[in-house]
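Okay, structure first, notes after.
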Amino acid sequence: MEPILKVENLVKHFPVKGGGKRVVHAVDGISIQIKRGLTLGLVGESGCGKSTLARTIIRIYPPSSGHIYLDGQNIASLSQRQLKPIRKKIQMIFQDPFASLNARMTVKDIIAEPLRAHRIGTPQEQGERVFEMLAKVGLERAHANRYAHEFSGGQRQRIGIARSLILHPELIICDEPISALDVSIQAQVVNMLKNFQEELSLTYLFIAHDLSMVRYVSDEVGVMYLGKLVELAGCDEIYKNPQHPYTQGLIRSAPASSPALARMKKSVPIEGDIPSPISPPPGCRFHTRCRYAQGICKAEEPPLEDQGTGHFTACHFLGR
Ligand SMILES: Nc1ncnc2c1ncn2[C@@H]1O[C@H](COP(=O)(O)OP(=O)(O)OP(=O)(O)O)[C@@H](O)[C@H]1O
Ligand SMILES: [Mg+2]
């Protein structure tokens, strides 16, 4: 089956203000693909480039280089006008439901906005669609005329989900959709997304900090470090058999679900801070924090290689 999304060697650099030719290497050559109806989870520390990758795929940012195939069509170099029909197929749910909803618009106008932008339906039909969507995400008709600031974080994210679904997209990029929410609400929102995936055969790119949530929603998981993908594998496989020292550290530093696991995890946390993406370390970008690093790690960049089982790892010393 052809993947619905195929990203090849995507690069997004930002110029450093007043920094001459220096750039932020936010996304530095990422290749991923997602099959229709499945979820690719993406994890990595703050600042590793997850949101930039998401925003570049959906063409909020123009890519510096690389290819983005949606349903086989390369959308990396389309103009804004050419992108318009594509925007119906691919939608995004944002990290912060407080900042991403316009405070001066009513809920109805927020949810109907994509319909207006694409001139779909009469105002009356648009209104009906909004009521349908509100019901779908568990909100009430009466909420339609209120403003976003009158809602809780969980309700706001439901409004964001309603807006993202109203055009019947095929692919939804969820950029930490639950990070800003109370723990008690997180599961509700994630379950809602899972149910919609099934009902509407949606494909998700699901970005998160929380490894346990990613595990719960994903078919495959990718791990990012400083603008690069360091490991990519099936969901169960990556948790049972993490190969990259960074992935191993991330899994160990996730909150443990049992005291026995907590003792096991205590052994090797990831030390030090993430280096600056303006001048990333040469060779393997993780070598400055890796307890196994040797000479070759500083000199040569390890390629992201398949170990023959669809488990990809970028490390010179595999399987320790
Ligand atoms: N519009 C921008 N202009 C310049 N630099 C940017 C821009 N957006 C992001 N960056 C830089 O790119 C790097 C990656 O940022 P990004 O927001 O993609 O990380 P992230 O993995 O989403 O982090 P978080 O988990 O905190 O959301 C950071 O160093 C950030 O400062
Ligand atoms: Mg982010």
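The values are calculated or read from the model by the stated rules, or taken from the named source; none is laboratory data. Not measured: the values here are computed from a predicted model. All Cβ positions, glycine included, derive from the backbone under ideal geometry; neighbour counts span all protein chains shown.
Structural remarks
- Residue within the range 142-153 that is under 23 Å from LEU205 (Cβ atoms) and within 21 Å of the chain's Cα centre (by Cα) present: yes
- Residue in the range 46-64 that is at positive phi, modelled with pLDDT under 95 and within 16 Å of ligand 1 (Cβ to nearest atom) present: yes
- Residue in the range 168-191 that is touching a strand residue (DSSP E or B) at 6+ places or on another chain (Cβ under 9 Å), surrounded by 13 or more Cβ atoms within 10 Å (Cβ to Cβ), in the same structural domain as VAL221 (by TED's automatic domain parsing) and free of Cβ contacts under 8 Å to residues at least 24 places away in the same chain present: no
- Selected residue (criterion: farthest from THR313 (Cα to Cα)) from residues of the range 1-41 that are touching a helix residue (DSSP H, G or I) at 6+ places or on another chain (Cβ under 8 Å) and not hydrophobic (A, V, I, L, M, F, W, C): GLY37
- The lone criterion from (1) under 30 Å from CYS48 (Cα atoms); (2) in a helix (DSSP H, G or I); (3) at pLDDT below 90 left unmet by HIS149 is number (1).
- Positions within the range 17-35 being within 11 Å of ligand 1 (Cβ to nearest atom) and either modelled with pLDDT of 95 or more or not assigned by TED's automatic domain parsing to the domain that holds SER279 (or both), in sequence order: VAL23, VAL24, HIS25, ALA26, VAL27, ASP28
- Residue check, ALA54 aliphatic (A, V, I, L, M), within 16 Å of ligand 2 (Cβ to nearest atom) and out of contact with any Cys (no Cβ under 7 Å at 6 or more places or on another chain): yes
- Checking each residue in the range 207-243 for being modelled with pLDDT under 95, away from ligand 1 (no atom under 14 Å from the Cβ) and in a loop (DSSP other than H, G, I, E, B) picks out ASN241, PRO242, GLN243.
- Filter result for GLN157 (part of a helix (DSSP H, G or I), surrounded by fewer than 19 Cβ atoms within 10 Å (Cβ to Cβ) and either of a type outside the set (Lys, Arg) or on the phi > 0 side of the Ramachandran plot (or both)): no
- Test for LEU261: is it over 19 Å from the mean Cα position of the chain (by Cα), assigned to a helix (DSSP H, G or I) and either at pLDDT below 80 or closer than 24 Å to CYS297 by Cβ (or both): yes
- Residue within the range 134-142 that is touching a helix residue (DSSP H, G or I) at 6+ places or on another chain (Cβ under 9 Å), assigned by TED's automatic domain parsing to the domain that holds ASN195 and more than 27 Å from GLY37 (Cβ to Cβ) present: no
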